[in-house]
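Just below is one structure, and these are the notes that go with it.
The values are calculated or read from the model by the stated rules, or taken from the named source; none is laboratory data. Owing to the predicted nature of the structure, the values given are computational and were not obtained by experimental measurement. Note that we place each Cβ from the backbone using ideal geometry, even for glycine, and neighbour counts take in every protein chain shown. To get the accessible areas, we keep the full protein, side chains included, count just its heavy atoms, and leave off ligands, DNA and RNA. Shrake-Rupley method; radii C 1.70, N 1.55, O 1.52, S 1.80 Å.
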Amino acid sequence: MFAAKGARAIWLMAALILTACSAADVGPINSHAEKAPPPSPEFVPDPGDDGSMVIGLAFSGGGVRASAFSYGVLRALDDIVVDQKPYRRTMIDNVRMISGVSGGAITAAYFGYRGRDDYRDFDARFLFQHAETSMQTSLASPFSLSRALAGGVNDRNTFARWLNDNLFDGADFTRFKWTNAPSVWITASDIYNRTPFIFDYDTFAALCSDLDKLKISDAVAASAAAPVVFAPVVLAATKQDCGYRRPTWLKEALSGSNPSTRLTAYANALQSYHAEDGIKFVRLMDGGLTDNLGITGFVLERSASQTPHGPISAEQAVKLRHFLFIVADAGRGQTEDWGASINGPWLGPLVEAAIDTGMTSSSRHGLDALKFAVDGWKERVVRYRCGLPLETVRRIRGSTEGWDCRKVDFKIEHLEFSDLEPNVASHLNRVETRLSLPREQVELLVEAGKTVVRQNMAVKQVVGDIRRAAGLIEGD
């Protein structure tokens, strides 16, 4: 009996030692700002071209499956030439906002980091690499199990470090500020406030923290931090005075004067970061828990706007002919067969089904919110345009020839595997949600992303209209 007690004591001591070892590098990833950080820009960048087309991109979660699919979407858009004067432009040049969550955040962040001319090596630098070699991927060992029980098997020393060393080259958020760069929104989940967490200046101002000093790799790793596989990514809410002043939209949301419940929830989360009686640490996990499509950045920006045309500028609103928002959704369709039997599912499939059910339901609600926001936005933009004096229109457009204040088109295109041939979609639906995939699966996913863009009727219509206006093709 003594021997048994001694063995249990030794086992318990070993478990405690392993658990202590498991609490390695969990943050915080941010630093305190001595003076008030800048607010988020009121409008997305305006490169000063003809402004007839504005494109927004949102890339879903789904590990490398999502990274590869969204990369294929980018490459297909880059193949479509929309104008030759005053210089050659493809649809990529019209991307003014790009967002992502989890695997999609990796692609979005890399495009934001490298720019429209240098992002094309993403396949070689990430998709065909095996980032999982940096991670613990099994719970078979007591060490991994103890880490899982302590909050997560992997910490910042695994995937985040791999991203920093191999993909983002140690870059911080200042690298998103190249000439004519789009707004980049990376989404994680605040698991205390149960809200999305957007890596933008308003959020970090509420933390009295400098977003520009944050490593891109840490933000992306937070967005991809799946529960159990990763420990939460931690930020400090220091409560030190940095001269922070709440933006107007936040005050209105807290007062109840903004009808958006999503914006109000986000405002309450930001308030908890700065209030004296608020939380001291923010814990972030996979953005897919609150928004698996990566659309929250745009929806919040539109809800928070103090103008009828934001997040595009007044000049962009006048020049605009087409707003196209593309959601690249690498979510998997149903592949299980237990729906035909009285037995099952067993524990593994049951847990996976429960997670997929929550994410799919949330994605449907998110798409509805996006469509509602865009429909309301279009009405306000048209009203704004039609209320402008012709002198203002002439100053912005250079002429009032062909001006029709109501002639502006807003489209949301949800691109997914079901847009493909059934046998291809079925194959892609069976691709695992991992951070490493076989090369043949990656290539198939990239090609799938290209295909859904090429065959999309809305994209064809928008491109045809822009090309006719530019004189590239004949037509009315």
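For this structure, a couple of remarks:
- If the condition is being of a type in the set (D, E, K, R), crowded, with 17+ Cβ neighbours inside 10 Å and within 28 Å of the chain's Cα centre (by Cα), then the range 381-424 contributes 413, 416, 419.
- Residue within the range 254-265 that is over 25 Å from residue 353 (Cβ atoms) and crowded, with 23+ Cβ neighbours inside 10 Å present: no
- Pairs with Cβ under 8 Å, 6+ apart, first in the range 210-233 and closer than 14 Å to residue 131 by Cβ and open to solvent by 10 Å² or more (accessible area, probe 1.4 Å), second of a type in the set (S, T, N, Q) and not in a loop (DSSP other than H, G, I, E, B): 229/154; 230/154
- Considering 148, 160, the condition of being touching a strand residue (DSSP E or B) at 6+ places or on another chain (Cβ under 6 Å), buried (at least 17 other Cβ atoms within 10 Å of the Cβ) and in a helix (DSSP H, G or I) is satisfied by 148 alone.
- The range 33-57, subset more than 30 Å from residue 309 (Cα to Cα) and surrounded by fewer than 16 Cβ atoms within 10 Å (Cβ to Cβ), residue modelled with the lowest pLDDT: 34
- Residues of the range 425-454 satisfying the condition of being of a type in the set (A, V, I, L, M) and either open to solvent by 50 Å² or more (accessible area, probe 1.4 Å) or in a helix (DSSP H, G or I) (or both): 425, 428, 442, 444, 445, 446, 448, 452, 453
- Boolean, residue 332 is within 24 Å of the chain's Cα centre (by Cα) and open to solvent by 80 Å² or more (accessible area, probe 1.4 Å): no
- Filter result (touching a strand residue (DSSP E or B) at 6+ places or on another chain (Cβ under 6 Å) and closer than 16 Å to residue 234 by Cα) within the range 163-191: 187, 188, 189, 190, 191
Table: residues versus (1) farther than 29 Å from residue 195 by Cα; (2) open to solvent by 10 Å² or more (accessible area, probe 1.4 Å); (3) of a type in the set (Val, Ile, Thr).
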site: 82; (1), (2), (3): yes, no, yes
site: 87; (1), (2), (3): yes, yes, no
site: 153; (1), (2), (3): no, no, yes
site: 171; (1), (2), (3): no, no, no
site: 178; (1), (2), (3): yes, yes, no
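- Search result, residues across the range 171-200 that are over 21 Å from residue 56 (Cβ atoms) and in a loop (DSSP other than H, G, I, E, B): 171, 191, 192, 193, 194
- Scanning the range 363-375 for residues that are loosely packed, with under 15 Cβ neighbours inside 10 Å and in contact with a helix residue (DSSP H, G or I) (Cβ under 8 Å, 6 or more places away or on another chain) returns no hits.
- Any pair with Cβ under 7 angstrom, 6 or more apart, that starts in the range 337-361 at a residue that is within 20 Å of residue 426 (Cα to Cα) and ends at one that is of a type in the set (Gly, Ala, Ser) and in a loop (DSSP other than H, G, I, E, B): 338/344; 360/331
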